[in-house]
Amino acid sequence: QVQFVESGGGLVSPGGSLRLSCTGPGSRFSSKAMGWYRQPPGKQRELVASITSRGYTNSANSVKGRFTISRDNTKNTVYLQMNSLKPEDTAVYFCNYSPYLDSYWGQGTQVTVSS
């Protein structure tokens with residue numbers, strides 16, 4: 001089963017920015033809504049932001065105004081621009097369809113916000 005591949009995570013200071021990227025299988029990518037999810041240490045995975053096949057977006061209240069999701073269907077890639085990062089944004093970030101399909105979870109990318 002082909003999985004999504006996330007990249008772009010790292011260690012950043014509070015107030016900093018990161019841009020995450022995710023590539024996925026080409027067979028259905030452009031026609032499906034996509035989501036970025038995160039799993040903080042010791043907590044359950046949660047949906048952070050989503051984008052429809054036509055580019056309509058939605059985001060969780062905790063990241064509204066700071067995170068922006070976008071997609072490039074020609075590259076089978078979805079992005080998450082994260083600005084004004086806070087320590088509570090520390091988590092492993094994943095992408096998947098929205099709603100997600102269990103068999104498509106990748107390894108995720110670690111984002112750590114710390115001074």
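The values are calculated or read from the model by the stated rules, or taken from the named source; none is laboratory data. These numbers come from a predicted model, not from an experiment. Virtual Cβ from ideal backbone geometry, glycine too; neighbours counted across all protein chains shown. Only protein heavy atoms, including side chains, enter the accessible area calculation; ligands, DNA and RNA are left aside. Shrake-Rupley method; radii C 1.70, N 1.55, O 1.52, S 1.80 Å.
Counting only other residues whose beta carbon sits under 10 Å from that of R66, what net charge do I get with K and R as +1, D and E as -1?
That works out to +1.
Taken about its Cα centre, segment 4-115 carries a charge dipole of roughly 240 debye when the Cβ of each Lys and Arg holds +1 and the Cβ of each Asp and Glu holds -1. Whole-percent P(r), segment 4-115, all Cα pairs, 10 Å bins from 0: 16, 52, 28, 4, 0. In the context of the full set of protein chains, the chain has a per residue accessible area of 53 Å² (1.4 Å probe). Applying 1/(1 + (r/R0)^6) with R0 = 25 Å to the Cβ-Cβ distance of T112 and R28 gives a FRET efficiency near 0.20.
Extent along the principal axes, Cα only, for segment 61-100: 33, 19, 16 Å, with the longest axis given first. Taking R0 as 22 Å, what's the FRET efficiency between S103 and S7 from their Cβ-Cβ distance, rounded to 0.05? Once rounded, the FRET efficiency stands at 0.60.
Taking a Cβ cut-off of under 15 Å around Y93, the surrounding Lys, Arg, Asp and Glu residues balance to a net charge of +2, with basic ones at +1 and acidic ones at -1. For K43, which lysines qualify as cross-link partners when the Cα separation must be under 30 Å and same-chain residues fewer than eight apart are set aside? The reachable lysines, counting only those whose Cα sits under 30 Å from K43, are K32, K64, K86. Taking a ≥ b ≥ c as the square roots of the eigenvalues of the Cα gyration tensor, segment 26-66 is classed as oblate, since a/c reaches at least 1.5 and a/b does not exceed b/c.
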